[in-house]
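Here the structure comes first, spelled out in structure tokens, and everything after it is commentary.
The values are calculated or read from the model by the stated rules, or taken from the named source; none is laboratory data. These numbers come from a predicted model, not from an experiment. Quick reminder, even Gly has a Cβ in these numbers, built from the backbone with ideal geometry, and neighbours come from all protein chains shown.
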Amino acid sequence: MTAKDPRKAAYVMGLMAGISIIWTANLNGQAIQRLVGTPLPDLPQVASPFELRAINDPVTSKGAFVFEGHEIPPVIRAVPGGTIQLEYVNQMSNSSSEVCVDGPCMNMTNLHFHGLHASPNAPRDDVLGMMAMPGESLHYTVDIPADQPPGLYWYHTHPHGESYQQDLDGMSGAIVIDGMERYFPEVENMKEKILILGDAELEPGSSSSKILKRAVQFAPYNCGAATGEPTRVFTVNGVVRQRIAIASGEKQFWRIVNASPDLYADLEVDSESMTVVALDGMPLTYHAPNRHTEKHRHILLAPAGRVEVIVEGPKRGATASVRSLCVNTGADGDPNPSMVLADLDTNTKESVPIHSVEEGPYDKAIYKPLPHRMLDQLKMRPPDFTVKFTEDKEGFYINDRKFAPDDEPMIRVKVGTRAHWRVTNATDEIHPFHIHQVHFLVYERAGVALRSPEWMDTVNIAPNESLDLIMDFTDPIIRGVSVFHCHLLKHEDKGMMAKILFQ
């Protein structure tokens, strides 16, 4: 397949046999010990059209995606102006052994294309009206705008009430919109690594959990204000404490998505800074053409957050690991201790994977800087809308309302406009705010202007804090009813979600 090949047949890169690991008590200590520290598996990559199936794993009964006969969610690759087409087949059982927030799971399912500026109407990114019960199928045709920023996005299931459990089971995958080299030419000839952070559950008192805790070097003490025992550790592409092949001094392009339903990843590479090129799929230069890459020692990713970075291999003879630092989630939050995610391996040689997709509708970068005068006017006026997160023993709320499927939209906004929103957190734990279909500019925290405002689609709000955002509703493709919610998916399942009408 050449870069200009118009065929849209699915193609696969890497090890199709792959590694698919479901972490449960069904794996004994010896089995887990053999799997810890295996090399980073290549993920299958696919272009439209293709079929994705939802099943219950025959050993664990947990939900899983199947592509080409393997429980390895493919990386969907597309281009600005292209289309994602897939048939999503629900082959899960009619009864489930898993428990969701309101009782036994029903195994209903659908897909959300997180971060894409896609239509919220069927057969596109419709999480409200499109739903497949066991035995049913959904056909998705997701049109990607020609000016969609190239970068890392992701897809995951989004059935209200069951999102948390399905995401915890690993029903998610990455989406790459090609074209980042048009904004940062230096990444074009680098090896690309796609790292999907997921969850390995810990069983209290089990030998397997002890092995996992030792493997990731759990800190022997609690950090932050949260109490209780941690309930899971991070995986990378399905494996605990991966080995990532990288030569000494070699520069690689890493695309990282935090696909955990509720773990925060504060990423750090030992003794090295990471060079950031994009956040939440948005190249740093997209709205600021004169901006450059930026070096950071650590980067905090909320659940659903993404970052794209250039990483350099350690010096000859040195070792280095990728870590997630401790995150203080607040007094009512869950423990989020430090742990090792992966080790950089300078001794393992690997073949360079080759992928290709059809060309997009443009051959140079598109920039969309916002006029300073317009931004200043938006910032100076009172908020057009305020989102308030609250919680109690009965559930989680937005503006004192718990989500119900038959709700009317909480707010209506005009497509073609921008607005000043304020998001407040009146609880004692962090909440990540996310809105479908659009990105927003985070410019002020707790009334203080940020030194480095960022465009994002998911942002952390600390306990008893407020954030001021510029919401970009200008893309005409987003018309329809959509949602915004907390991306701690158990909170979303328990009511912390609301509808918005883009009209």
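Per-structure values
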read-out	value
Residues being assigned to a loop (DSSP other than H, G, I, E, B) and closer than 25 Å to Asp472 by Cβ - total across segment 256-292	12
Test result for Gly249, in contact with a Cys (Cβ under 9 Å, 6 or more places away or on another chain) and not charged (D, E, K, R)	no
Segment 425-443, residues that are surrounded by 18 or more Cβ atoms within 10 Å (Cβ to Cβ) and over 16 Å from Tyr264 (Cβ atoms)	Ile435, His436, Gln437, Val438, His439, Phe440, Leu441, Val442, Tyr443
Residue count, segment 247-277 (criterion: more than 24 Å from Asp199 (Cα to Cα), in contact (Cβ under 8 Å) with a residue 40 or more places away in the chain and of a type outside the set (D, E, K, R))	6
Whichever residue in segment 293-323 is surrounded by fewer than 20 Cβ atoms within 10 Å (Cβ to Cβ), of a type in the set (Gly, Ala, Ser) and assigned to a loop (DSSP other than H, G, I, E, B) and, among such residues, is nearest to the chain's Cα centre (by Cα)	Ala318
Options Ala226, Ala215; residue that is touching a residue at least 60 places away in the same chain (Cβ under 8 Å), part of a helix (DSSP H, G or I) and surrounded by 17 or more Cβ atoms within 10 Å (Cβ to Cβ)	Ala215
Criterion: outside the structural domain of Ala302 (by TED's automatic domain parsing), among the small types (Gly, Ala, Ser), more than 23 Å from Pro149 (Cβ to Cβ) and part of a strand (DSSP E or B) - qualifying residue of Ala419, Ala404, Ala449	Ala449
Single condition Ser209 does not satisfy, out of (1) among the polar types (S, T, N, Q); (2) at pLDDT below 95; (3) surrounded by 23 or more Cβ atoms within 10 Å (Cβ to Cβ); (4) not in a helix (DSSP H, G or I)	(4)
Residue match in segment 167-183 (condition: touching a residue at least 40 places away in the same chain (Cβ under 8 Å) and surrounded by fewer than 20 Cβ atoms within 10 Å (Cβ to Cβ))	yes
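Okay, residues lined up against (1) part of a strand (DSSP E or B); (2) closer than 18 Å to Lys499 by Cα:
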{"site": "Lys379", "(1), (2)": "no, no"}
{"site": "Lys388", "(1), (2)": "yes, yes"}
{"site": "Asp428", "(1), (2)": "no, no"}
{"site": "Phe433", "(1), (2)": "yes, yes"}
{"site": "Val438", "(1), (2)": "no, yes"}
{"site": "Asn460", "(1), (2)": "yes, no"}
{"site": "Leu467", "(1), (2)": "yes, no"}
{"site": "Ile470", "(1), (2)": "yes, no"}
{"site": "His485", "(1), (2)": "yes, yes"}
